[in-house]
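To start, the structure itself, in structure tokens.
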Amino acid sequence: MPGRTARTLNLILGAWLFVSAFLWSHTPADRVNDWAVGLAIVVLAVLAMSIPAVRWVNTALGAWLFISAFALPHAHSGTRWNEVLVGLFVFFISIVPTEVEAGGVENPARA
């Protein structure tokens, strides 16, 4: 999976997490966690398209989201599953290197 595609997928996952915070009831702490982490994932995914090392912050956010799924109280079990799945996906997608980091050329048309 090319790095730009990975960053785009993380952007989509972050946007979903942000929106999901308002789609159904959450506890106050869980709602803040979801919209704040979702927004941060989106911003960092965009930044990681230009600054590849920024993707590691999304790796940490994916890990935090997974941990918070068990650490914070939830109004619904579906919320917990949403956080577990999004956290795992963000974590694993964010460790995909960009083409530049992997030693390739990011955009062959510009080379």
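Taking other C-beta atoms within 10 angstrom as a stand-in for reagent exposure, 13, 72 fall in the order 72, 13, fewest first. Remark: the range 3-98 carries a charge dipole of roughly 220 debye about the Cα centre, counting +1 on each Lys and Arg Cβ and -1 on each Asp and Glu Cβ. One chain, two ends: residue 29 and residue 84. Fully extended at 0.36 nm per residue, the span grows by 18.2 nm beyond their Cα-Cα distance.
An ellipsoid equivalent to the range 3-98, defined through the eigenvalues of its Cα gyration tensor, has semi-axes of 23, 12, 10 Å when rounded to whole angstrom and sorted largest first.
Arranged by the count of other C-beta atoms within 10 angstrom, fewest first, what order do 67, 41 take?
On the way: 67 13, 41 28.
With the sparsest Cβ surroundings first, the list reads 67, 41.
Among 76, 26, the order by Cβ neighbours within 10 angstrom, fewest to most, reads 76, 26.
Here, each number is a calculation from the coordinates, and none is a lab measurement. Values in this document were obtained by computation on a predicted structure and should not be read as measured data. FYI the Cβ positions are ideal-geometry reconstructions off the backbone, even for glycines, and counts take in every protein chain you see.
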